[in-house]
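Working notes for the structure below.
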């Protein structure tokens, strides 16, 4: 996930985004590309403790000098069901609510690629279903969603599953259950 998300550099091989090789880009150019094209849903949330939900979601918009960051952050939080918790700080939110703030932060810039590390791990079953429905909706809108998970039931919802064991690619399969449905993510 860190290599795909431009947080780490690959030791070998070539990686391009929108036809542009990223191997020679400076740290600041990588940061700009991350901000413009990639949304992250980290397993550990990475919320800033001294900022409320709206302020946490605004952060990527502030770095990109986007218009109306507060309005966009509020809309993203409402989209993940947190319209009533806008001014709450992370310590005032449950683990599932913190995860939804992190998801709103990943979505607020309308990225083309969303990388999600165990996105349902801290959510109850209903919230997890809502999130996966949202990912399917985003995929239908043309976004690529890559979900990293250990849960087979979650993987079954993807059109394509890539299995990596001990750092080695061991399986690539297409889910026949999803063949006529919208893919959650694509790996090329």
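The values are calculated or read from the model by the stated rules, or taken from the named source; none is laboratory data. Since the structure is predicted, the reported quantities are computational estimates derived from the model, not experimental observations. Neighbour counts run over all protein chains shown; Cβ positions are idealised from the backbone, glycine included.
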Residue count for the stretch 135-178, restricted to those that are outside any strand (DSSP E or B), without any contact (Cβ under 8 Å) to a residue 24 or more places away in the chain and touching a strand residue (DSSP E or B) at 6+ places or on another chain (Cβ under 7 Å): 2
Residue 6 being assigned to a loop (DSSP other than H, G, I, E, B) and within 25 Å of residue 149 (Cβ to Cβ): yes
Lone qualifier among 48, 25 - being at pLDDT 90 or above, surrounded by fewer than 16 Cβ atoms within 10 Å (Cβ to Cβ), touching a helix residue (DSSP H, G or I) at 6+ places or on another chain (Cβ under 8 Å) and part of a loop (DSSP other than H, G, I, E, B): 48
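One line per residue, one yes/no per condition, for (1) over 22 Å from residue 137 (Cβ atoms); (2) within 20 Å of the chain's Cα centre (by Cα):
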{"site": "21", "(1), (2)": "yes, no"}
{"site": "55", "(1), (2)": "yes, yes"}
{"site": "80", "(1), (2)": "no, yes"}
{"site": "95", "(1), (2)": "yes, yes"}
{"site": "100", "(1), (2)": "no, yes"}
Of the criteria (1) more than 19 Å from residue 42 (Cα to Cα); (2) buried (at least 20 other Cβ atoms within 10 Å of the Cβ); (3) modelled with pLDDT of 85 or more, which one residue 157 fails: (3)
Any hit, the stretch 84-97, residues being modelled with pLDDT under 90 and in contact with a strand residue (DSSP E or B) (Cβ under 9 Å, 6 or more places away or on another chain): no
Selection within the stretch 113-128 - modelled with pLDDT of 90 or more and in a loop (DSSP other than H, G, I, E, B): none
Set 68, 2, 56: member being assigned by TED's automatic domain parsing to the domain that holds residue 149 and without any contact (Cβ under 8 Å) to a residue 60 or more places away in the chain: 2
Complete set of residues in the stretch 97-112 that are surrounded by fewer than 18 Cβ atoms within 10 Å (Cβ to Cβ) and closer than 21 Å to residue 157 by Cα: 112
Residue match in the stretch 99-111 (condition: part of a helix (DSSP H, G or I), at pLDDT below 85, under 19 Å from residue 43 (Cα atoms) and touching a helix residue (DSSP H, G or I) at 6+ places or on another chain (Cβ under 9 Å)): no
Tally, over the stretch 1-16, of residues that are under 15 Å from residue 38 (Cα atoms) and touching a strand residue (DSSP E or B) at 6+ places or on another chain (Cβ under 8 Å): 5
Matching residues in the stretch 57-71 - criterion: being assigned to a helix (DSSP H, G or I) and more than 17 Å from the chain's Cα centre (by Cα): 62, 63, 69, 70, 71
